Structures are given as structure tokens and as C-alpha cells.
Amino acid sequence: MMAGTRRMSRWGPAVLALLFLAGCSSTNDASLSVRLTYPQEGAAAGPVPAGSDAPARPAYAKAPENRILIRVLAPHIPTPIEAWFDRSLGRGEISGIPPGDRIAVEVDEFDNTALTLGTNAPLLGRGFAHGVTLSPGENKTVAVPMFDKGTIVRICGAAPSGGAGTAGDTGDGGLAVDARLGQPLAVEVGPDDSVFVSSAQFNRIRRIDRYGYITHYAGNGPSGTLTEGAPASTAPIGPVYDLDMGPAGDLYLITWDQQIVRVGRATGQISIKYDAQKGIFNPAAKPDLAVVSDDTIYYTNGMENRVYLVQAGIRSDYVADNTPSQSQEGADKDFYPLRYPASVTFHPSGPSLFFSDRDNNKVKFVSLGVDKVYTKIGSSTVIPFSDGMDPLTMTPIQPIQFERDLVYGNFFLREKDFQGVKILRSNNRVHYFAGTGTAGYLGDEGPATTARLNDPLSVSVDSRGNVYIADTGNHAIRMVIGGALP
């Protein structure tokens, strides 16, 4: 278990932090008093409440010399307003904020090595508040709940009821935390840290912006005939099973009909990249795609022992079990006996194409350019998993998802019967990351490793190291605060 998640969430004394910003400001500008709150302030460690299997949360007092960075941003603020302070200052104010709505406040808490405006100090905790409104000249106090690094929180979808989430299709135009989703099969972070979610039960893709608001982005009803150049918001794409971000910031998706579609970032229009298999998809399987460029797209369909390559609208085999089979390290990709390739992801380092070789209990990769297949995770000797294992000494049990983190160098692993996510960190060790392995809904605002998830089918990472999990069976998106950071 990583150091950030091994500790309980840090709760400590509340501190009223008011920051002074130098510079000119209009007399109509507003200001914020930012009050940081630690939800179990002053509480002593104690027994777990009756009927709950959540861990007790001990009180925690942070050192006053820790450094705090507060960031204010909104659509009408061209450049986020930032300032640092020491906890020992106690009071201050952020002024010069243009009045308006949809204002977000983000807070990062670092250890006391963060003595300058650098960002290399270890993250201790983080908090955020969305939906702040300021009138001209107004000063408003905003309470920001703070959480330890490695804490899991719900950012979209209904609050749990009876140990499970609730499906729904509401909330467009409002805060994402108040919206409802239906079977979010995929989540993907865009270049501006907006979060795209496939609410597959309702045939829609929705977008959560950096300010915490959710809107309709693509999809309008069951699968139908797609038209090149049509608006994505009204396209009959049906349920979308996977999302990927292209190098230019365009969103790519694969539907249950194995249609692959690009949504232009600038235009919001669709471009059909592949549409030759409509009508033969097995709805019990989950297709998955990896985008290298607009004309190089790999995918698996969950039915056939193939990894496919799509170029110029034409599909060809890329990894295939032709005879004679080769199972050794460095096997030729055209003769490798893969069994149920359940997901595929591209990493430019190498470059390499990774795939979950589910029924061979391995994660493999093709070294692009030499077209040879090697093992990323998996051992022929079955060894029970323990935290911190070398990936080549563990045996993943039917890995169904393997996704890369291009920013921080991590990979995320989901095994078929384990209701949780593991992480392969850049130190080449595999750790528990989120979920206990038992299905359910539990643990918001506590350590991600003690939370319960239900069929987490997709993972994505933003530029600040937050990790988003599509908690599909709970109809929610949950976020592990700073989970991708070292």
C-alpha cells in the first residue's frame, strides 16, 4: 500500500486562512476568506460505529509551518489566482477576484520543504469547493474541506443508498456532485482537465469541467445511422463502451456496434473512423480502444482473440494467434496465442502497445517497431498477491483492464473478480490502490484502499495527479485525491 494511502485521512484543527495578493484591482472586484476544515476536528480515535466496517479515523494535528497553496479559478478569470501561506499565519485574504459565478477554489497542502513557489514538495492533502458566486465588492467566507492524499471522494453520481449507488439521468448545467449517471462505463480526462464520462445506460457522454459543472457532450438515443460531420450532441451513438483522448485533444469513442468515432475538440462534430462491423457485437463483452493518432487506432472487441488496427477506415489484425503459435518472450505478434484480450492501451515510451491477456492471466505488450510480444505483468508460477510485488512475480487473475497514466508513469490494473484497482508505479512495483476487493459502496472521505467499489471499469488521471474511477455498478465517478503522485 502506498505511503499516502497507508495513513488515515488527516484531520486536524480548522484554520482560517486569508491571503493578501499584491497588484491592482478594480473597486468592483471581490475577495474571499478561505476557511479550511478538517471534518473530524478534535475527534479522538475510537471504535467503528455499529454496523459499519469502515476504519476509525484518528485525530491528526498538522504542523503549523506546512505550506498551503490556494487557487481561485472560473470561466471568467483568464488566469487562475494563486497565493501561498504558512499555516502559522492564521489569517489573510484573497482579493482582486472579478465578480461572477461558477467560481472554484482549490487548495493544495504541502510539507514544510515547499518554501518557494515550486511544486516539488510532497503533497500532504488537498481540498476544493465548487459553485462559489461573488457579487461586485463582496467578501465571502468559503469553507473548503481538506483531505489527506489518497482519500477517495465522490465527484459525480447519486450519494449511496443502502450500500449502493442509484442510476439516473439528471443534473445537466449544475454541479456534477448533484447529478446522476447510469452505468458509467468509461472515464477520460481531457487536456484542460475536463472529465468525460460515458453514461452508457442513457446513451450519453457527459462532460465535467474544471469548475465542477456537468453538461451534455455527445449522444442522443440508441445506436443509429451516423453522419459524418454531424454534431456529436445529437448523434445516435448508443452506449459508449470506452473513451480515449487523441494527441490533439479530440475525444475518441467506441460503441457497442464497434463503431469508432472522433469528436472534434474545436468543432464538436463527429468523424467516423470505423463503421464496418455494425450489428454483430456481443453486448456481454466490452470493446476497448487505444488511439495513437487520427489514423492509427487499436481496439479489442471482447469476443475474438485479436487486437485490431484501424487505418483509413480499414481494419486489420495486429496481434493474432496464427500457426505455429509462439508463446516465448519476444514472440512474433502475428503468432502469439492471446486469449480474450480485454483491454488495450498505448504508451509512447518504447513506443509500446499493452493489452490485458485475460485468460492467459497476463498483461502483455508489443514493442512497436520490432513487433515482438513481451510480458508486463504475470508469472507462470501462481503466487498470492502481496502489496509491493514485482509485476513479473505476481499472477493477475483474469486482468480485464490495464490503463496507462501518461503524466506520472503509472499503470492501473483491474482483475475480473477483484472489486478494486491496483497500481503499477514507476518504481516497477504493484500496490493496492482503491477498493477492498468486495463489491459495495463504502468509504467516501476515507483512504481509497479501505473503500468499496462495484465493477470499476475505467481509470483516468488529471494533470494534478488526481485519479478518476468509473465506479460503474454504483453509477458514480469517484476520485482518489493525488493518487497518481509519488
All but one of (1) hydrophobic (A, V, I, L, M, F, W, C); (2) open to solvent by 10 Å² or more (accessible area, probe 1.4 Å); (3) closer than 24 Å to R206 by Cβ hold for A439, so report the exception by its number. (3)
Of the residues in segment 352-388 that are assigned to a loop (DSSP other than H, G, I, E, B) and touching a residue at least 40 places away in the same chain (Cβ under 8 Å), the one that is nearest to N301 (Cα to Cα) is F385
Can you find a residue in segment 221-233 that is without any contact (Cβ under 8 Å) to a residue 40 or more places away in the chain, under 20 Å from Y308 (Cβ atoms) and outside any loop (DSSP other than H, G, I, E, B)? no
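Residue-wise test of (1) out of contact with any Pro (no Cβ under 6 Å at 6 or more places or on another chain); (2) modelled with pLDDT of 95 or more; (3) within 22 Å of E188 (Cα to Cα); (4) not β-branched (V, I, T).
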| site | (1), (2), (3), (4) |
| --- | --- |
| T395 | yes, yes, no, no |
| F402 | yes, yes, yes, yes |
| N410 | yes, yes, yes, yes |
| L424 | no, yes, yes, yes |
| S458 | yes, yes, yes, yes |
| G465 | yes, yes, yes, yes |
| M479 | yes, yes, yes, yes |
| G483 | yes, yes, yes, yes |
State which residue is modelled with the highest pLDDT when the search covers only segment 82-102 and only residues that are part of a strand (DSSP E or B) and under 23 Å from D148 (Cα atoms). E82
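Residues checked against (1) out of contact with any Gly (no Cβ under 6 Å at 6 or more places or on another chain); (2) buried (at least 17 other Cβ atoms within 10 Å of the Cβ); (3) more than 28 Å from P98 (Cβ to Cβ):
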{"site": "V144", "(1), (2), (3)": "no, yes, no"}
{"site": "T151", "(1), (2), (3)": "yes, yes, yes"}
{"site": "G163", "(1), (2), (3)": "no, no, yes"}
{"site": "G173", "(1), (2), (3)": "yes, no, no"}
{"site": "V177", "(1), (2), (3)": "yes, yes, no"}
{"site": "A218", "(1), (2), (3)": "yes, yes, yes"}
{"site": "L226", "(1), (2), (3)": "yes, yes, yes"}
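Can you tell me which residue within segment 424-436, out of those that are in contact (Cβ under 8 Å) with a residue 40 or more places away in the chain and touching a strand residue (DSSP E or B) at 6+ places or on another chain (Cβ under 8 Å), is surrounded by the most Cβ atoms within 10 Å (Cβ to Cβ)?
Kept after step one, since they are in contact (Cβ under 8 Å) with a residue 40 or more places away in the chain, are these residues of segment 424-436: 424-426, 429-434.
If we keep only those that are touching a strand residue (DSSP E or B) at 6+ places or on another chain (Cβ under 8 Å) too, we end up with 424-425, 429-434.
Details: L424: 24, R425: 18, R429: 15, V430: 23, H431: 19, Y432: 23, F433: 28, A434: 31.
The qualifying residue surrounded by the most Cβ atoms within 10 Å (Cβ to Cβ) is A434.
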Taking segment 180-199 as the region of interest, how many residues are open to solvent by 10 Å² or more (accessible area, probe 1.4 Å) and closer than 21 Å to I270 by Cβ? 6
Of everything in segment 292-304 that's modelled with pLDDT of 95 or more and open to solvent by 10 Å² or more (accessible area, probe 1.4 Å), which residue is farthest from the chain's Cα centre (by Cα)? D295
For T133, state whether it is modelled with pLDDT under 95, open to solvent by 20 Å² or more (accessible area, probe 1.4 Å) and not small (G, A, S). no
Please go through segment 398-448 and pick out each residue that is in a strand (DSSP E or B), out of contact with any Leu (no Cβ under 9 Å at 6 or more places or on another chain) and closer than 17 Å to K362 by Cα. R404, E415
Just one listed residue, out of A56, A44, A121, is exposed (fewer than 12 other Cβ atoms within 10 Å of the Cβ) and either at pLDDT 55 or above or farther than 16 Å from F147 by Cβ (or both), and it is A44
Looking at segment 442-484 only, could you name the residues that are open to solvent by 10 Å² or more (accessible area, probe 1.4 Å) and at positive phi? G443, E445, D455, H475
Might you let me know whether segment 333-346 holds any residue that is under 24 Å from S271 (Cα atoms), open to solvent by 20 Å² or more (accessible area, probe 1.4 Å) and touching a residue at least 12 places away in the same chain (Cβ under 8 Å)? yes
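The values are calculated or read from the model by the stated rules, or taken from the named source; none is laboratory data. Since this is a predicted model, take the numbers as computed values, not measurements. So basically every Cβ, Gly included, is an ideal-geometry build from the backbone, and we count neighbours across all protein chains shown. When the accessible area is computed, the model is the full protein with side chains, heavy atoms only, and any ligands, DNA or RNA have been set aside. Shrake-Rupley method; radii C 1.70, N 1.55, O 1.52, S 1.80 Å.
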